[in-house]
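Visitor: This is the structure, below, for whatever I ask next.
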Amino acid sequence: MPSNKSVSDAPIAQFTNCRILRDRRLQREDLWVREGKILNPEKLFFDEKGSADIQLDCKGSIIAPGFIDVQINGGFGVDFSMATDDFKSGIDLVSQKILSHGVTSFCPTLVTSPPSVYHQVLPQISVRNGGAHGAGILGAHLEGPFISKEKKGAHPEHCIRTFEAGAFQDLLATYGSLDCVRIVTLAPEIKRSSEVIRELTKRGICVSLGHSVANLSQAEEAVQHGATFITHLFNAMLPFHHRDPGIVGLLTSDKIPAGRRVFYGMISDGIHTNPAALRIAHRAHPTGKAIPVLGPAVGLAAKLPRRVCLPSSGLVLVTDAIAGMGLAPGRHTLGQQVVEIDGLNTYIAGTKTLSGSVATMDACVRHFLEATGCSVETALEAASLHPAQLLGIEHKKGTLDYDSDADFLMLNDSLYVQATYIAGEEVWRQDVLGM
Amino acid sequence: MKLIIQETYGQASEWAAKYIRNRIVHFAPGPGRFFTLGLPTGSTPLGCYQKLVEYHKNGDLSFKYVKTFNMDEYVGLPRDHPESYHSFMWNNFFKHIDILAENVHILDGNAADLQAECDAFEDKIKAAGGIELFVGGIGPDGHIAFNEPGSSLVSRTRVKTLAMDTILANARFFDGDLSKVPTMALTVGVGTVMDAREVMILITEAHKAFALYKAIEEGVNHMWTVSAFQQHPKTVFVCDEDATLELKVKTVKYFKGLMLVHNKLVEPLYSMKETEAESSQSKKPYSD
């Protein structure tokens, strides 16, 4: 059949016999891809009179948007907080290896480090598209050093700093450059944090609250100045208290500015958070997004808020994976610290302080599904749609909407990744031998 | 007229789909020899479309050499609006089968010159050699396509303003909001459908019963435009029990009595999978 497509002659792939995640649900629909983007087949049919060049039978797989990990400190022996000579090849290695976990985009994360590390490492991180070489890099996540000493977790105390003196200038001097920085985690109780948050937000950098002893009003103020994320909810912050819920209280705060949403990261590796806590967070978080209630507003109904709150639309699954992820148990480094891996547990060597995880993103998704009993759609969105919304890139990543980047995964019913695609090209496939 | 009465909506849909399938298979379409099919939209033909898709997926029916002409389309509704007839046909039929986009013809309700669009549609039908089988439905007010009561029985494809009845009936597809329902549509004329070599009308459920009565038991009348087909040489009406509720018992008994003969049109059910040797045997369908 002659090619009569008027828009482009690029080959069109049609993925059939699959269930795709679209419009918040799994639907029996085919997925069409052209030139690295998801294609609208109806438009192709009526406007271009076109049809598919190749048809691929997905044998009933689930097709979901590629996972986006916004907090990953390293893996496979590579530590992003360590300024080594072969840093670039280290980041390349991790970006290639995590394809098998279903991650198609990520934010390499640096824990609290001395300024020299930032000055050496950050210029070596560049925002780049993913492909056969590995997952795409969306920008760095700088977790620290402007955090609370009391909630340092695995971060080295001697590197923790404050920006009380020079506010944003102090921060800039510490990091050296913000060119490829996407997220900054800080403790809002540090004096002048409001100024810093505003400056970062102005530059399009996502501000996250974490490793902090802030109370709820400090957290709310930070949100009002632009903070939109909570770093690993429950971990490294004050526990929920019924008279001062602290940062955790942001889940149900009524002081969030209209039209804004606070997202919260969770490490659902089965270690960092008790499943019951995971469920509390999952059920407690309304969006503030107005979903119009149908029907006339009469009588009492006219006085009630006319919207339905979607549960858990702010939950973002993160791995917080460290260098030891993907390696055998034993000792590994995490920035300036030495950590010990024993099964899924990672502690600061010689202590019981948790320090990152060795969980993979797909394992986090599966654990989240099992622990909360949520729908498959919700679990998949927590690892794809929500991180994309957090970073404001949901128009091209995190969904299978038409014209989005064709970064997607083929999963079986138990949510094990069978194949990973970036820009419509297969970049990883589960070997039949399971390697 | 043949009146085919099946017990349920599902059975009526299946009978209709089988009939269409046999007609296409017998026609033996191929390169340069296209089967031209007129198609309706709405909830009535959905069951029939599902069965046709099933036959295609089983390999029994291919639409590669079928050309389709839809009856109508709303004016002013964006083509990708979920309620446009383009969307309906794509989602319920075209995306599941192997029809070629260039063989699909649906009126463009957003054309700059609407009447020119209608005239061009008539030309396309002529160029395709006329319609082999035009499948249609019936409105509660007895209209065929959007030929509302009062439409000329010799009308051609044109712009029509929709009757209030039709707008109300369609409101359920637009969130119940009358202001959102399109008020005009492009439609094939009664005359256009009468030109087809064969016409099949699907009528199911009780709310169409009175219209069916008016269409076949009363005279030819422009207030019930489907009645025009009383003057077509080859028409099949396929309905379920509920649609016969307003007919005379005598009429229903007569046509039910003919089912033994009429079922020969769908049994045996032919498939495109058969070899040429088998299909060369005589299997001309019964016709009165």
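Quick note: the coordinates plus some simple rules give every number you see, no bench work behind them. As the structure is a prediction and not an experimental result, all values here were calculated from the model. Positions of Cβ are generated from backbone atoms using ideal geometry, with glycine treated the same way; all protein chains shown enter the neighbour counts.
Visitor: Could you work out the pair-distance distribution P(r) of the range B:1-97 from its alpha-carbon pairs, with 10 angstrom bin width and percents rounded to whole numbers?
Guide: 14, 45, 32, 9
Visitor: OK, next. Using the Karplus equation 6.51 cos²θ - 1.76 cosθ + 1.60 (θ = phi - 60°), what ³J(HN,Hα) coupling, rounded to whole Hz, does each residue of the range B:150-165 give in order, writing x for Gly and Pro?
Guide: Once rounded to whole Hz, the list reads x, 5, 5, 7, 10, 5, 10, 4, 7, 8, 10, 8, 7, 6, 4, 3.
Visitor: Would you order A:CYS206, A:CYS107 from fewest to most other beta-carbon atoms within 10 Å of each residue's own beta-carbon?
Guide: Exposure proxy ranking, most exposed first: A:CYS206, A:CYS107.
Visitor: What's the extension gain from A:ARG279 to A:HIS241 if we count 0.36 nm per residue and subtract their Cα-Cα distance?
Guide: Residue separation times 0.36 nm, minus the Cα-Cα distance, leaves 11.9 nm.
Visitor: Right, something else. Can you bin every Cα-Cα distance in the range A:362-435 into 5 Å intervals starting at zero and give me the percent of pairs per bin, rounded to whole numbers?
Guide: Result returned by the calculation: 3, 16, 21, 24, 20, 12, 3, 0.
Visitor: Given H placed 1.01 Å from N in the peptide plane, which residues other than close sequence neighbours of B:PHE134 have an amide H under 5 Å from its amide H?
Guide: Amide H neighbours of B:PHE134: B:GLY38, B:GLU198, B:VAL199, B:MET200.
Visitor: What number, in nm² with one decimal, is the all-direction average of the projected area of the convex hull of the alpha-carbon atoms of chain B?
Guide: 14.3 nm²
Visitor: Out of all DSSP beta bridges with both ends in chain A, state the antiparallel percent to the nearest 5.
Guide: Bridges in chain A that DSSP calls antiparallel: roughly 55 percent.
Visitor: Follow-up. When a/c reaches 1.5 or more, the comparison of a/b and b/c decides; with that in mind, is the range A:71-224 rounded, prolate or oblate per its Cα gyration tensor?
Guide: Cα axes put the range A:71-224 in the prolate bin.
Visitor: Can you tell me, using C-alpha contacts under 8 Å and at least 6 residues apart, the relative contact order of the range A:1-112 as a whole percent?
Guide: Working: 167 pairs, mean separation 28.6, N = 112.
The normalised contact order for the range A:1-112 reaches 26 percent.
Visitor: Anything over 18 Å Cα to Cα? Flag those among B:LYS2/B:LYS256; B:LYS2/B:LYS234; B:LYS214/B:LYS264; A:LYS97/A:LYS397; B:LYS95/B:LYS180, in the order listed.
Guide: B:LYS214/B:LYS264; A:LYS97/A:LYS397; B:LYS95/B:LYS180
Visitor: Additional query: Mind giving me the nanometre distance, one decimal, between the label points for B:ARG33 and A:THR351, set 7 Å out from Cα along Cα→Cβ?
Guide: Between B:ARG33 and A:THR351, the simple spin-label model gives 8.5 nm.
Visitor: When the Cα atoms of the range B:125-238 are enclosed in a convex hull and the volume is divided per residue, what value in Å³ results?
Guide: 103 Å³
Visitor: Another question, if that's okay. For chain B, return all DSSP H helices satisfying: extent of Cα atoms along own axis at least 15 Å; mean Kyte-Doolittle hydropathy at least -0.5.
Guide: B:114-127
Visitor: If you plug each phi of the range A:418-429 into the Karplus form 6.51 cos²θ - 1.76 cosθ + 1.60 with θ = phi - 60°, what whole-Hz ³J(HN,Hα) values come out, in order, with x for Gly and Pro?
Guide: 9, 7, 10, 10, 10, 6, x, 9, 6, 10, 7, 9
Visitor: Using only Cα atoms, locate the centre of the range B:152-221 and the centre of the range A:72-98, then give the distance between them in Å, rounded to an integer.
Guide: With the range B:152-221 and the range A:72-98 each reduced to a Cα centre, they are spaced 67 Å.
Visitor: Here's something else I'd like to know. State the extension gain, in nm to one decimal, for the chain segment bounded by A:GLN430 and A:THR16, taking 0.36 nm per residue of separation less the distance between their alpha-carbons.
Guide: Full extension from A:GLN430 to A:THR16 adds 147.1 nm.
Visitor: With charges set only on the Cβ (+1 for Lys and Arg, -1 for Asp and Glu), what does the dipole of the protein assembly as shown come to about its Cα centre, in debye to the nearest 20?
Guide: On the way: 70 positive and 81 negative charges, 178 e Å.
My answer is approximately 860 debye.
Visitor: Tell me which of A:ALA219, B:ASN170, A:ALA382 sits at the most positive position along the dipole axis of the protein assembly as shown, charges placed on C-beta atoms (Lys, Arg +1; Asp, Glu -1).
Guide: Highest projection toward the positive end goes to B:ASN170.
Visitor: Using modelled backbone amide H atoms (1.01 Å from N, in-plane), which distant-in-sequence or interchain residues come within less than 5 Å of A:VAL427's amide H?
Guide: Residues meeting the amide H criterion: A:THR420, A:TYR421, A:ILE422.
Visitor: For the protein assembly as shown, just the Cα atoms, rotate onto the principal axes and tell me the three extents in Å, largest first.
Guide: Here the Cα extents, ordered largest to smallest, are 98, 66, 45 Å.
Visitor: May I pose another question? Averaged over its residues, how many other protein chain Cβ atoms are within 10 Å of peptide A:51-58's Cβ atoms?
Guide: For peptide A:51-58, the averaged partner shielding equals 1.
Visitor: Also, I was wondering about something else. So what J values fall out for the range A:203-210 if you push phi through Karplus, 6.51 cos²θ - 1.76 cosθ + 1.60 with θ = phi - 60°, rounded to Hz, Gly and Pro as x?
Guide: Working through the residues one at a time gives 8, x, 8, 7, 9, 10, 9, x Hz.
Visitor: Using +1 at the Cβ of each Lys and Arg and -1 at the Cβ of each Asp and Glu in chain A, identify which of A:VAL262, A:GLY60, A:HIS332 lies farthest towards the dipole's positive end.
Guide: A:VAL262
Visitor: Got a sec? How would A:PHE76, B:PHE35 order by Cβ neighbour count within 10 Å, fewest to most?
Guide: A:PHE76, B:PHE35
Visitor: Under the rule of at least 5 residues apart or a separate chain, name every residue whose amide H is placed under 5 Å from the amide H of A:ALA406.
Guide: A:LYS37, A:ILE38, A:ALA423, A:GLY424
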